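The values are calculated or read from the model by the stated rules, or taken from the named source; none is laboratory data. Nothing here was measured: the structure is a model prediction, and the numbers come from that model. As a convention, Cβ positions derive from the backbone with ideal geometry for all residues, glycine included, and neighbour counts pool all protein chains shown.
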Amino acid sequence: MEELKEEHLECIKGEYMDTDEDEDEKQWERSKIVFDHFHEYLRNKGLKEKTADERTDLAAFFVMNYVFAYEDRIESISEVSGDIIRKFLGNWYIRKFLTPNMAEIKSFLRAILDFFIFLEKKDFVTEADVEEITEVCKDIPWFEMRLRTYFEVDDVEEFRAWREEYDYIW
């Protein structure tokens, strides 16, 4: 397998936001090696193939379909913060998925945390970065509250307040 380099973690800015199939493919080709290495890391930790596949798929979804598509200021996977994870699972996921649920949120949190621990072991993020991400990923009550309050919204103004409560910009 090709050696993992910083450039594999970078977003192709400008092109990716104006998505077409060629640009998506170009981004995937650049980033796929990161997820291949992550999958291998999970297998080497003793995870079953199915579990490693699921966690890799969730981490790849988070990066490719949210971070690189919606977080304009992010130029590399290594720049992801706890705040971005909160916006993803505490807002975007809840609004965009057909049946958002805590089991899936917990699966995403486990995959994202494993992914950033892997990146730290490869020296792409710092121990402090992983500590921040760990704190967010273990804050299950916050994600439960966000999911619960989303389903309690009764009108447009309440929805706007819920959406903006966590600083989400359309």
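Just to be sure, is ASN101 surrounded by fewer than 14 Cβ atoms within 10 Å (Cβ to Cβ) and closer than 30 Å to PHE159 by Cβ? Taking the combined requirement at face value, the residue satisfies it. Report, by residue number, each residue of region 33-54 that is surrounded by 14 or more Cβ atoms within 10 Å (Cβ to Cβ), out of contact with any Ser or Thr (no Cβ under 8 Å at 6 or more places or on another chain) and assigned to a helix (DSSP H, G or I). Passing the criteria: ILE33, VAL34, ASP36, HIS37, GLU40, TYR41, ARG43, THR51, ALA52, ASP53. Do you know which of the residues in region 131-148 that are free of Cβ contacts under 8 Å to residues at least 40 places away in the same chain and not polar (S, T, N, Q) is surrounded by the most Cβ atoms within 10 Å (Cβ to Cβ)? Top of the filtered list is ASP139.
Inside region 115-130, residues that are in a helix (DSSP H, G or I) and surrounded by fewer than 21 Cβ atoms within 10 Å (Cβ to Cβ) make up a count of 7. Scanning region 131-154 for residues that are at pLDDT below 95, part of a helix (DSSP H, G or I), of a type in the set (A, V, I, L, M, F, W, C) and touching a helix residue (DSSP H, G or I) at 6+ places or on another chain (Cβ under 7 Å) yields a total of 0. All conditions in (1) within 28 Å of GLU3 (Cα to Cα); (2) free of Cβ contacts under 8 Å to residues at least 60 places away in the same chain hold for PHE124, with the sole exception of (2).
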